[in-house]
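The values are calculated or read from the model by the stated rules, or taken from the named source; none is laboratory data. Quick caveat, the model's predicted, so the values are computed rather than measured. Every residue, glycine among them, receives a Cβ derived from its backbone with ideal geometry; neighbour counts consider all protein chains shown.
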Amino acid sequence: MKVGVVVFPGTNCDRDTVAAVEAVGHVADLLWHASTDPLPAYDAIVLPGGFAHGDALRAGAIARFSPIMPRVVEFAHSGRPVLGICNGFQVLVECGLLPGALLRNDSLQFRSEWVHCRVEAPVWGLQPGAVLRMPIAHGMGNYFPDPEAPSVEVALRYCDPSGRVTAAANPNGSWDNVAGIASGNVFGLMPHPERAISDVLGSRDGLYIFEALTRALVAV
Amino acid sequence: MIATAPSALIDRYGLKPNEYDRILELLGREPNELELALFGAMWSEHCCYKSSRKLLAQLPKDAPQVLVKAGEENAGVVDVGGGWAVAMKIESHNHPSAVEPYQGAATGVGGIVRDVFTMGARPIALLNSLRFGFPDEPRSRYLLARVVAGIGDYGNCLGIPTVGGEVFFDPSYRGNPLVNAMCVGLLRHDKLTRSAASGAGNLLLLIGNRTGRDGLHGATFASANLEGEGLEKRPSVQVGSPFLEKLLIEACLELLDRGLLLGLQDLGAAGLTSSSVEAAGRAGTGVEIEVTRVSRSETGMSPLEVMLSESQERMLAVVAPGRVAEVREVLDRWGLRSDVIGRVIEQPVVRVLQEGALCAEVPIAALTDCAPFYDWPYAPAPVPPPEPLPRDPLALLAHPNVCSRRWVYRQYDQTVQAATAATDDADAALVLLPGGKRAIALCTDGNFRHDDPYLAGALAVAEAARNVSCTGAAPIALTNCLNFGSPERPEGVWQLREGIRGLADAARALGVPVISGNVSLYNESDEGSVRPTPIVGMLGLLEDVAKRCTIAFKADGDAIVLLGPPTGPLDLQMEARVQRAVRQAIDRGLVRSAHDCAEGGLFVALAECCLKGGLGAGVEADLDWFDESPSRIVVSSSHPEDLAELGVPMTHLGRVGGQRLMIRGLADLALDDMRAAYERGLEALL
């Protein structure tokens, strides 16, 4: 199966994401943001982390206007899986594929640390209740829901190592400890699964997210 | 232009009367103002190390693994095996950070990153070393907070993990904080890029940011402004754009990968002047620059301002005339501006033209090789002793110079590039090399717990190498940043001499070559000079990352042993033996943890091993638990009897176990109380 990884100017997790996709046995191509080519050759699209366009205005606010984005929206509407990680999540929210907004962290500081997240919904076959350990690295990860939008499917919540969702486990002030949400076949999360793919890096739990992407592919 | 240079003009460009006489002699005529400015920039301490070059000659620079030696290029390069090489350098951005801490620190990161990717290396790690006044003062808190934010925002946006660093507080840094940034890059041997402007007729391509008046005279450290010429007075601090720098990294690495560039040089201090002169100097050629071709961000800039601007995020590439279109195509894709601003010429001069009219012409050698080098007079003078640390155990753990740095490092992305093996439970960071089996170990170190500048130099090297060794990695190269006071005072020169002598002795004793460095003098304020602060960035190589060692105690019942002499002054031969011993012990699997003793002595080392491992300990020995003697490492082992084969002095201290740290005759502390003090220390102050 073939996964397209979109590169905006300022994206900086593209290579890591390709390595993670390859680690679960798939082929990944980097897709330049200025391309308007249709994306039928791909089984899934990933918007990786970074600082697309330097986070000018707001994270993701300029990237949503990149020439490739109408193709990504088209792709999502075709029912195939789209994964947004960190800045990719911010782009998905800005372009309307996911509801809500990502505000500045309540600390008003960038946060880079290892967190635990509990799976809340069986998105792409993830097992509810599973606790995943992954790093975060963001300044704008404070999720705020859109009250007008249809109900959000909360996919991941920040929790303590034992799986309890507590205020102390929330690194950025996000509403209801949200770490990731899904809408149909579109999934966005703030933690970086591509940085948790081997014991030497500190965790293999990120592979579970990329394997879920595989299940999502099969399901299409 | 001027007929005779008034002393005010000579002074404006940071030159001294005797230096002006030397310029007259070298040119055989009077320089015009632009030419005088070129000399001022190139003969500044920052560019030519005129006060320190002779002293730096004593540093050991050679070793079989060294591919690019100190001083040859923008950064030093060493072989790390498997066809891979590592480029690295540390540099200060102290004065800009004192004036505008956020931009000063951010552009410090930007500058050192450019030095590294200029070599054809992809930047894979950042480190830093910071010094401030104590954070109980508002100004020091402000500087700390803004410097950390500046470093974080710049490095985070670039997608380069900040994997290590250090922060210490001392009253001497109150008026003059230190901000040293280090970058480490990875490259294939065959992609090693030189900066030389070779081949007459090749074109000079200026890539990236437009040129403005920002940072004007940063290198000459302007004491006078340009009001006389109707120019607005500008701060000498530059403003950075990490987004633009990220595009430059990707575009330049792509251009180098495709072999489209003949040379590449970053624009740092003294901007276009130093980059073009150094590139020509390295090739034995000359350069001709037409200033009207340089894209500006401001109107009405004079040739002098264009030549000396320190606008950030600019690179100078040497391109064959036939390849410009291909180069431009790559740059356009990355949205980067580029201007052909001149060419390489045979005659070894720098020639500046404006609309074809000659504005300046100076021999390259006059600006570089003929720069004055000084043996300043020196005189020993005491350095005030460091402020004593508290001897109450919990107060010590909460002290700003001992407590956890989590408040700082959680603002730095440590995990991007998915290669950071250990973040906060080892004495040095480990970054995986391609393939994932081998790793490099990295740390920065400077020791401020003494009153002897020789020891400051020697201990910085010894501690950095010891930290790297405690992960199991062998130190293979170091970079250094020498932060000292004015060389125009005899005691300042003495401190610098002693610091370099200590650094050289330790590097030689430990067999580690110095591959790059930076000298930052004049670190003084109204309150006097900073403590002599030589900082070392150390690179180690770990052959098997599965054998890596951390500081955390691992298992109840393990024996705790102190490797090295129980106390005593620095003995470099002993230091080398202890470091070798700990590496052997780790390689043979004889120890389960290793942690060097530094600030706060054995007590703090034991406390950190307990806190990181979540395990207590019970120890007993006839030692001063707060003694900060060097060459000592706390290890834990399930088979302590095997450690005897290492052949170094050792002291049995006790055993790992429980949830308390019990030190007979000193303390009996619950881990939770220790953690509260240690973790809250910095946050409580900020």
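Tabulated values for the structure
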| item | result |
| --- | --- |
| Test: residue in region A:101-113 that is within 23 Å of B:Asp424 (Cβ to Cβ), among the aliphatic types (A, V, I, L, M) and in a strand (DSSP E or B) | no |
| Boolean, B:Glu641 is of a type in the set (D, E, K, R) and over 21 Å from B:Pro388 (Cα atoms) | yes |
| Some residue of region B:151-163 being away from chain A (no Cβ under 13 Å), among the polar types (S, T, N, Q) and either in contact with a helix residue (DSSP H, G or I) (Cβ under 7 Å, 6 or more places away or on another chain) or surrounded by fewer than 24 Cβ atoms within 10 Å (Cβ to Cβ) (or both) | no |
| Qualifying residue in region B:294-302 (condition: farther than 22 Å from B:Gly14 by Cβ, among the hydrophobic types (A, V, I, L, M, F, W, C), at pLDDT 95 or above and in a strand (DSSP E or B)) | no |
| Boolean, A:Pro48 is within 11 Å of chain B (Cβ to nearest Cβ), crowded, with 21+ Cβ neighbours inside 10 Å and in contact (Cβ under 8 Å) with a residue 60 or more places away in the chain | yes |
| Tally of residues being under 19 Å from B:Leu389 (Cα atoms), in contact with a strand residue (DSSP E or B) (Cβ under 7 Å, 6 or more places away or on another chain) and part of a loop (DSSP other than H, G, I, E, B) across region B:598-631 | 1 |
| Qualifying residues in region B:22-65 (those that are among the small types (Gly, Ala, Ser) and within 31 Å of the chain's Cα centre (by Cα)) - the one nearest to B:Phe373 (Cα to Cα) | B:Ser51 |
| Members of region B:538-560 that are away from every other protein chain (no Cβ under 14 Å), crowded, with 21+ Cβ neighbours inside 10 Å and in contact with a helix residue (DSSP H, G or I) (Cβ under 7 Å, 6 or more places away or on another chain) | B:Met538, B:Gly540, B:Ile551, B:Phe553 |
| Residue ranges of strands (runs of 3 or more DSSP E) in region B:408-469 with at least 1 members of a type in the set (A, V, I, L, M, F, W, C) and in contact with a Pro (Cβ under 9 Å, 6 or more places away or on another chain) | B:429-432, B:439-445 |
| Complete set of residues in region B:35-54 that are part of a helix (DSSP H, G or I) and either out of contact with any Cys (no Cβ under 8 Å at 6 or more places or on another chain) or surrounded by fewer than 23 Cβ atoms within 10 Å (Cβ to Cβ) (or both) | B:Glu35, B:Leu36, B:Ala37, B:Leu38, B:Phe39, B:Gly40, B:Glu45, B:His46, B:Cys47, B:Cys48, B:Arg53, B:Lys54 |
| Number of positions in region A:24-54 that are out of contact with any Leu (no Cβ under 7 Å at 6 or more places or on another chain) and on the phi < 0 side of the Ramachandran plot | 21 |
| Hits in region B:397-429 - residues which are over 27 Å from B:Ala474 (Cβ atoms) and facing chain A (nearest Cβ under 7 Å) | B:Arg410, B:Gln411, B:Asp413 |
| All positions within region A:131-167 that are small (Gly, Ala, Ser) and surrounded by fewer than 21 Cβ atoms within 10 Å (Cβ to Cβ) | A:Ala149, A:Ser151, A:Ser162, A:Gly163, A:Ala167 |
| Matching entry among B:Arg343, B:Arg323 (being of a type in the set (D, E, K, R), surrounded by 18 or more Cβ atoms within 10 Å (Cβ to Cβ) and assigned to a strand (DSSP E or B)) | B:Arg343 |
| Members of region B:1-31 found to be in contact (Cβ under 8 Å) with a residue 12 or more places away in the chain, assigned to a loop (DSSP other than H, G, I, E, B) and surrounded by fewer than 19 Cβ atoms within 10 Å (Cβ to Cβ), listed by number | B:Met1, B:Ile2, B:Ala3, B:Thr4, B:Glu30 |
| The lone exception for A:Ala182 - which of (1) of a type in the set (A, V, I, L, M, F, W, C); (2) in contact with a His (Cβ under 9 Å, 6 or more places away or on another chain); (3) more than 14 Å from chain B (Cβ to nearest Cβ) it fails | (2) |
| Test: B:Val656 is hydrophobic (A, V, I, L, M, F, W, C) and within 19 Å of B:Asn467 (Cα to Cα) | no |
| Among the candidates A:Asp55, A:Asp43, A:Asp37, A:Asp29, residue that is more than 21 Å from A:Ala212 (Cβ to Cβ) and more than 12 Å from chain B (Cβ to nearest Cβ) | A:Asp37 |
| Only one of B:Pro649, B:Pro640, B:Pro565 that is closer than 23 Å to B:Phe448 by Cβ and not aromatic (Phe, Trp, Tyr) | B:Pro565 |
| Test: residue in region A:80-88 that is of a type in the set (Val, Ile, Thr), surrounded by 21 or more Cβ atoms within 10 Å (Cβ to Cβ), closer than 14 Å to A:Val6 by Cα and within 14 Å of chain B (Cβ to nearest Cβ) | yes |
| Test: residue in region B:663-681 that is under 25 Å from B:Asn401 (Cβ atoms), in a loop (DSSP other than H, G, I, E, B), small (Gly, Ala, Ser) and more than 37 Å from the chain's Cα centre (by Cα) | yes |
| Which listed residue is surrounded by fewer than 16 Cβ atoms within 10 Å (Cβ to Cβ), more than 15 Å from the chain's Cα centre (by Cα) and within 14 Å of chain B (Cβ to nearest Cβ), from A:Pro67, A:Pro122, A:Pro128, A:Pro171 | A:Pro67 |
